[in-house]
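The values are calculated or read from the model by the stated rules, or taken from the named source; none is laboratory data. This one's a predicted model, so the numbers in the text were calculated from it and none came from an experiment. Neighbour counts are summed over all protein chains in view; Cβ atoms, including those assigned to glycine, are modelled from backbone coordinates with ideal geometry.
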């Protein structure tokens, strides 16, 4: 399936949930409303014509304009087609539906995105920090992150 | 502490899985043990919190991050795209060449840059040599996990030859900083091709030797067959890749199915686990896939060495890297699986966001899924067979 | 020293009175040769193990301390003596300190009935083999003690494994010993060795000094029994492929995880001594003990020591060889081997040997 067909299929099924798309980019992407993510992803995985069963990557991004984003790189092992999904959320209320039930691999990727960007994944079974210590202040990959001067009584730029 | 988690209480009894004492019969209390961060068989500083009922593992919770070195943060703060490469080196320190290549390929794609054929050939040779070296460590340490010490040193003996080749090429033995965006840092030295051919000739019988010592050892087969079975659908759902996915019987290799560089010019076969000793997707299958991949890598190297063209390896290296606005996700087949780099460029000289999708990170996340109901010794086998490098898991 | 010995002996009410006038020194001198032997042998085996493993693994091992590193074992032991002897804060300190000595005592006590030659034997008691099996069970207590006292979950797991393993493997060991005892009709190891004197053809491994038909009938059974005895012995020593109690890659170091310095050295010494003990038992029961393989050629009490140590060392070498070649079994497979393979085979062997001897 071409990205155009995937886009049309999603548009027909979910309508408003498909916010924006850029299908002429080298790696075409579709922007989805963050609160429709889960049902849409279940559809993408299970529908026989899409079968995007392999999630290559899930990344959090800080666009530096007050928005955080989650980027999903999907691939179909059956049909060998790719698509990129994106979901944006405001920095002060970063809430995106979790897809960890859809793809098992999303579990840890979402934990990482939470750890680095503070994106809250709604419905994630175990949303804890994964790489940073549990008591680490702030979310280090946000563009406005300032390295704390002291961490647990230790001076940081030692 | 345990009460808050829902513990699976009833397991199917099938080969390789054990029924824990459930309900009224005999069950007393589970014990929680910390495996790691300092443990001989966690391959680095991985901490597995395991809940055991006697010897039987009831639940596994991996805790990672002990080696987190902020690769992604570092990458954003470089002044230049080229400067990220030494950091990519240090991600998976056993397969630095492949990591360099993955990153360089992503930036080249962002720049729409063509590299000369000689560079491509050199990269293929280096990456395949590195794959052999990495698999040798994986197999050797897996032998140690199984209690066999000798294969480890045999593997290291052979790996040493590969490191010698790398050393004569770029001066470094572990972290090379060799593959740059648009080229490589040094051309191949004189006599490299002969020495690499000698290595191939030397190495092939040693695989047979390793097989005789370890692979077809009765105890080894008993320990690994039917253990830690990873079914095909779970493997795909958890986006496992590399030998882990192929061990589960999925015929999938990025070098063939999503070809990059020169890989479609060579003749070689993708190795798939067939369940020869037990079920498809058990630990033995994951092990044997790595062994057979080494043979295929030798084949690729031999073909590449025979066909390598002349040329200038540095002519395509851009003086100044400043890609347009845009983003790219490029995946390559590292020894551990699909190594992806997602790079977002904001038009400046350094990346705005680099996400490394490390195969070991993803492969490790499936371990709790397949480790229920196995013995502690099997857990060691499962973790060993996933072939994780904690530098890459934690980045 | 003598006073102390007499006081100790007086504390034992029944035999104390009779023995009080005998100098304790006699016992000490009588018991010393095995200890001296163990210490020397440990040095040699340490070196052998390192060199053998190195050559198996395509290395050269130590080369600098003396000629081909021959002084390295001495240096190793000096290092272990100098090391800080730590006791974990939360450990049960009394048991923790006691455990390594108990393990060593269990092994050392076994040496009392080993006939090093026709002239020397620590204690010439009639129930030699029986005593040996009983005495070596003390090791289990020592291992359990060390695992429990360390207050470390890995140690505890290792101790549980070792207890299960040693107890299970005592069954095939005892049954295998029984086969040899049935053929010779004596529990005294010296008698068993004497029974096989007169050349390689008289060894029980090859059917013993029996008439030719009986010999040929016995041969397959004794052969299987010997193999099982040796393997079960290896399991009792905790050597690869049966080294589960100290499985490095699974349990860190098993029961001796928390030990360091001299206490660790004693565990090590006990393990090495046990290796020889197992080989010695197998040798005395099945390979003629101190008797020369060439009949009366090169035989005699002094040659006896030579043959005995040579045969023992050969099996120590085999153990080292197997350790550096094979992977390790899993707990359930280990138990399976003991209860479902070795024990039934031995029952068959005992029955068959009994039948052949009666006929």
In region B:76-98, is there at least one residue being surrounded by fewer than 24 Cβ atoms within 10 Å (Cβ to Cβ) and within 14 Å of chain A (Cβ to nearest Cβ)?
-> yes
When you scan region B:203-294 for helices (runs of 4 or more DSSP H) that lie fully inside it, which ones turn up with 1 or more residues that are closer than 30 Å to residue B:115 by Cβ and modelled with pLDDT of 85 or more?
-> B:243-247, B:254-257
From (1) in a helix (DSSP H, G or I); (2) touching a helix residue (DSSP H, G or I) at 6+ places or on another chain (Cβ under 7 Å); (3) within 14 Å of another protein chain (Cβ to nearest Cβ), pick out the condition that doesn't hold for residue C:255.
-> (3)
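Hey, could you check region A:77-96 for residues that are in contact with a strand residue (DSSP E or B) (Cβ under 7 Å, 6 or more places away or on another chain) and not in a strand (DSSP E or B) and say which is surrounded by the fewest Cβ atoms within 10 Å (Cβ to Cβ)?
A:77
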If you go through B:122, B:137, the only one that is buried (at least 21 other Cβ atoms within 10 Å of the Cβ), at pLDDT 85 or above and more than 21 Å from residue B:321 (Cα to Cα) is B:122
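Every residue, every condition in (1) assigned by TED's automatic domain parsing to the domain that holds residue C:166; (2) in a helix (DSSP H, G or I); (3) over 15 Å from the mean Cα position of the chain (by Cα), yes or no:
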residue	(1), (2), (3)
C:108	yes, yes, no
C:117	yes, no, yes
C:140	yes, yes, no
C:147	yes, yes, yes
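Could you tell me whether any residue of region A:32-42 is assigned to a strand (DSSP E or B), over 27 Å from residue B:47 (Cβ atoms) and in contact (Cβ under 8 Å) with a residue 24 or more places away in the chain?
yes
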Inside region A:145-158, the number of residues satisfying the requirement of being free of Cβ contacts under 8 Å to residues at least 12 places away in the same chain and either on the phi > 0 side of the Ramachandran plot or within 32 Å of the chain's Cα centre (by Cα) (or both) is 9
Out of (1) within 22 Å of residue B:193 (Cβ to Cβ); (2) in contact (Cβ under 8 Å) with a residue 12 or more places away in the chain, what's the single condition that is false for residue B:105?
-> (1)
Quick check: is even one residue across region C:292-311 within 14 Å of chain B (Cβ to nearest Cβ) and closer than 29 Å to residue C:53 by Cα?
-> no
Being more than 10 Å from chain B (Cβ to nearest Cβ) and out of contact with any strand residue (DSSP E or B) (no Cβ under 8 Å at 6 or more places or on another chain) is the filter; apply it to region A:51-76 and report the residue that is nearest to residue A:12 (Cα to Cα).
-> A:51
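Please work out if residue C:315 is within 25 Å of residue C:99 (Cβ to Cβ), away from chain B (no Cβ under 14 Å) and assigned to a helix (DSSP H, G or I).
no
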Do any helices (runs of 4 or more DSSP H) entirely within region B:299-395 hold 1 or more residues that are crowded, with 19+ Cβ neighbours inside 10 Å, away from chain A (no Cβ under 12 Å) and modelled with pLDDT under 90, and if so, which?
-> B:376-386, B:390-394
Out of A:48, A:25, report the one residue that is more than 14 Å from chain B (Cβ to nearest Cβ) and either in a loop (DSSP other than H, G, I, E, B) or modelled with pLDDT under 85 (or both).
-> A:48
Residues (in a loop (DSSP other than H, G, I, E, B) and either surrounded by 18 or more Cβ atoms within 10 Å (Cβ to Cβ) or touching a strand residue (DSSP E or B) at 6+ places or on another chain (Cβ under 8 Å) (or both)) located in region C:61-75 | C:62
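Suppose we filter A:101, A:110 for residues that are within 13 Å of chain B (Cβ to nearest Cβ), closer than 30 Å to residue B:231 by Cα and in a loop (DSSP other than H, G, I, E, B); which single one remains?
Details: A:110 fails: in a loop (DSSP other than H, G, I, E, B).
Just one listed residue meets the conditions, A:101.
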Of the residues in region B:41-64 that are without any contact (Cβ under 8 Å) to a residue 60 or more places away in the chain and at the interface with another protein chain (Cβ under 9 Å from one of its Cβ atoms), the one that is nearest to residue B:365 (Cα to Cα) is B:63
Evaluate region A:69-76: report whether one residue or more is modelled with pLDDT under 90 and at positive phi.
-> no
Here are B:274, B:290: which of them is in contact (Cβ under 8 Å) with a residue 24 or more places away in the chain and surrounded by fewer than 22 Cβ atoms within 10 Å (Cβ to Cβ)?
-> B:274
Residue among A:137, A:125 that is under 20 Å from the mean Cα position of the chain (by Cα) and in contact (Cβ under 8 Å) with a residue 12 or more places away in the chain | A:125
